[in-house]
1. Cys36 passes all but one of (1) surrounded by fewer than 15 Cβ atoms within 10 Å (Cβ to Cβ); (2) farther than 21 Å from Phe150 by Cα; (3) modelled with pLDDT of 95 or more; which number fails?
2. Starting from segment 120-146, keep only residues that are among the aliphatic types (A, V, I, L, M), then list their pairs with residues that are assigned to a loop (DSSP other than H, G, I, E, B) whose Cβ atoms are within a distance under 7 Å, requiring at least 6 positions of separation or different chains.
3. Is segment 153-164 home to any residue that is free of Cβ contacts under 8 Å to residues at least 12 places away in the same chain, surrounded by 13 or more Cβ atoms within 10 Å (Cβ to Cβ) and out of contact with any Asp or Glu (no Cβ under 7 Å at 6 or more places or on another chain)?
4. Only one residue in Phe119, Phe140 is within 20 Å of Ile20 (Cα to Cα) and either open to solvent by 50 Å² or more (accessible area, probe 1.4 Å) or not in a helix (DSSP H, G or I) (or both). Which one?
5. Quick check on Lys15: is it open to solvent by 50 Å² or more (accessible area, probe 1.4 Å), in contact with an Asp or Glu (Cβ under 6 Å, 6 or more places away or on another chain) and either part of a helix (DSSP H, G or I) or basic (Lys, Arg) (or both)?
6. What are the residues in segment 54-78 that are at pLDDT 95 or above and either open to solvent by less than 20 Å² (accessible area, probe 1.4 Å) or assigned to a loop (DSSP other than H, G, I, E, B) (or both), if any?
7. Every residue in segment 122-137 that is under 30 Å from Glu56 (Cα atoms) and either among the aromatic types (Phe, Trp, Tyr) or open to solvent by less than 70 Å² (accessible area, probe 1.4 Å) (or both), please.
Amino acid sequence: MYLVSAYFDDTTTLKIQHYINQVAKKTGNTFMIDNCVPPHITISSFHTKCEEQLMELLEQKILELNSGTVQWVSAGIFFPHVIYLMPVLNQYLHTLSLEIYDCITQIENISITSCYQPFSWMPHTTIGKKLTTKEMQEAFLVLQHQFGIFTGQITRIGLAKTNPYENLAVFELS
C-alpha cells in the first residue's frame, strides 16, 4: 500500500508532536512514537504495481501545487482505536485532495481506498492509534485540557510505502 501525505511547517509539526507525546505519556500507548509516525494528513491511500510511473506523475503534479493554510478546530475518533485532530476541510485541502486523486488515477490498475476518494475523504491528523478503551478516554482528557484551535501551513507532500513503512520521497511545495 502507498500513502500520499501532507506535512507541515516546523512550528505546526512541533505543536502536533507535543499532543502525540502528551497522549503517549498519559496513556502509556507509544504506537505513534515507536513507529516514528510524523504529524501529517494522509491525502490518499492506494495499491499499485507501477511505482516508477507513480513517482513520475507525482513529481510533475507537485511542481504545480502550492503550500496552504490549515486550521485544526476539534478532536475526534475513528472507533474503536484512533484519536485525531480535525482540520477544517477548506478550499485548499479539498483542491489538494482532488489534484492528488486526479494525478494518481492516471495509473492503470490502481486501487484507491474508498475513504480517500473525492467526497469520501475526511482529513485528520492522528494523535493516537491502537488505543484501548481506557487509553482512548485518557487521550480525550489530555486533549480536553490542552487542545486549542490553531493554524498551520502544509509545506511538503510525501510518498510512502507501508508494511513495512518506507518513506519514498518528500516534495517541497512552493
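The values are calculated or read from the model by the stated rules, or taken from the named source; none is laboratory data. It should be emphasised that the depicted structure is a prediction, and the values quoted were computed from it without experimental measurement. Here the Cβ is made from the backbone with ideal geometry for all residues, glycine too, and neighbour counts use every protein chain on show. Surface accessibility is based on the protein's heavy atoms, side chains included, excluding ligands, DNA and RNA. Shrake-Rupley method; radii C 1.70, N 1.55, O 1.52, S 1.80 Å.
1. It is condition (3) that Cys36 fails.
2. From residues that are among the aliphatic types (A, V, I, L, M), the pairs are Leu131/Asn29; Leu131/His81; Ala139/Leu131.
3. Initial filter on segment 153-164 (free of Cβ contacts under 8 Å to residues at least 12 places away in the same chain): 164.
So of that shortlist, the ones also surrounded by 13 or more Cβ atoms within 10 Å (Cβ to Cβ) come out as none.
No, segment 153-164 contains no residue that is free of Cβ contacts under 8 Å to residues at least 12 places away in the same chain, surrounded by 13 or more Cβ atoms within 10 Å (Cβ to Cβ) and out of contact with any Asp or Glu (no Cβ under 7 Å at 6 or more places or on another chain).
4. Numbers: Phe119 fails: within 20 Å of Ile20 (Cα to Cα).
Among Phe119, Phe140, only Phe140 is within 20 Å of Ile20 (Cα to Cα) and either open to solvent by 50 Å² or more (accessible area, probe 1.4 Å) or not in a helix (DSSP H, G or I) (or both).
5. Working: open to solvent by 50 Å² or more (accessible area, probe 1.4 Å): yes; in contact with an Asp or Glu (Cβ under 6 Å, 6 or more places away or on another chain): no; either part of a helix (DSSP H, G or I) or basic (Lys, Arg) (or both): yes.
Taking the combined requirement at face value, the residue does not satisfy it.
6. Those that are at pLDDT 95 or above and either open to solvent by less than 20 Å² (accessible area, probe 1.4 Å) or assigned to a loop (DSSP other than H, G, I, E, B) (or both): Leu54, Leu58, Glu64, Leu65, Asn66, Ser67, Gly68, Val70, Trp72, Gly76.
7. Within segment 122-137, the subset under 30 Å from Glu56 (Cα atoms) is 122-126.
Selection gives Pro123, His124, Thr125, Thr126.
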